[in-house]
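Enquirer: Have a look at this one before I ask anything.
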Amino acid sequence: QVRLVESGGGLARPGGSLRLSCAASGSIFDIGAMAWYRQAPGEQRELVARITTGGSADYADTVKGRFTISRDNAENRVSLQMNSLKPEDKAVYYCKARIFVRTIIDWNTYWGQGTQLAVSV
C-alpha cells in the first residue's frame, strides 16, 4: 500500500558530504512527521533527525550543525544533507514516516529498507 525508498548512500571521505533521499509512494492521503534513523553494526537504531509537516526540525546532538533534514511535501520526499562526515557516521540509514493511508483510512508508521553509508579514507 505504501512504500518508502531511500537512495543516496555510499562511500564518503571524512569531512565530505553526502545527501540521502527518501520517497514515499502508494495510497497516501497525508504525511505527518518524517525522520531519519541510523543503525551502526552492533548498535541500536537511533534517531538522527526529524521534521514536522510544517518544517520544524530537531537533531541528535551527534549530528547537530552538520546534518540538515528537509522535506518536499508536494513530492512526498524527505532528504538528509550530511556534511563534515565522520567515521562514526558509518551506519545504515533508514527513513521513517507517519502516513495517513487512503485504503485503511488511518495513520500508520512506515520504514524504508535502509541505505548504507560508509565513511573512510
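The values are calculated or read from the model by the stated rules, or taken from the named source; none is laboratory data. Keep in mind that what you see is a predicted model, and the values were worked out from it rather than measured. Positions of Cβ are backbone-derived with ideal geometry, glycine not excepted, and every protein chain shown enters the neighbour counts. For accessibility, only protein heavy atoms count, side chains too; no ligands or nucleic acids. Shrake-Rupley method; radii C 1.70, N 1.55, O 1.52, S 1.80 Å.
Enquirer: May I ask you to derive the relative contact order of the chain, considering only C-alpha pairs under 8 Å and at least 6 residues apart, and to give it as an integer percent?
Expert: On the way: 307 pairs, mean separation 44.4, N = 121.
Relative contact order here is 37 percent.
Enquirer: Tally Lys/Arg at +1 and Asp/Glu at -1 over every other residue whose Cβ is under 14 Å from the Cβ of PRO14; what's the total? Write down the numbers at each step before the final one.
Expert: Values: positive: ARG13, ARG66, LYS86, LYS90; negative: GLU88, ASP89.
With Lys, Arg at +1 and Asp, Glu at -1, the neighbours total +2.
Enquirer: Full-extension gain between ASP61 and GLU75, please, as 0.36 nm times their residue separation minus the C-alpha to C-alpha distance. Don't jump to the answer; show the numbers that get you there.
Expert: Numbers: separation 14, 0.36 × 14 = 5.04 nm, distance 2.85 nm.
In short, 2.2 nm is gained.
Enquirer: Still on this model: On a full-extension model of 0.36 nm per residue, what is the gain between ASN108 and LEU47, subtracting their alpha-carbon distance, rounded to one decimal in nm? Walk me through the numbers on the way to the answer.
Expert: Details: separation 61, 0.36 × 61 = 21.96 nm, distance 1.84 nm.
Gain on stretching ASN108 to LEU47: 20.1 nm.
Enquirer: Quick one: Karplus J couplings for the range 105-121, per residue in order, coefficients 6.51, -1.76, 1.60, θ = phi - 60°, nearest Hz, x for Gly and Pro?
Expert: Once θ is set to phi - 60°, the couplings for the range 105-121 become 6, 6, 7, 8, 9, 10, 10, x, 7, x, 9, 7, 10, 10, 10, 7, 7 Hz.
Enquirer: Solvent-accessible area per residue for the range 71-121 at a 1.4 Å probe radius, Å²?
Expert: That works out to 53 Å² per residue.
Enquirer: Give me the percent of accessible area attributable to carbon and sulfur for the range 1-74, probe 1.4 angstrom.
Expert: Details: 1920 of 4030 Å².
Using a 1.4 Å probe with all protein chains present, the range 1-74 comes out at 48 percent carbon and sulfur.
Enquirer: Would you kindly state how much longer the chain becomes between GLN1 and SER27 on full extension, computed as 0.36 nm times their sequence separation minus their alpha carbon distance, in nm to one decimal?
Expert: Length difference between fully extended and current span is 8.8 nm.
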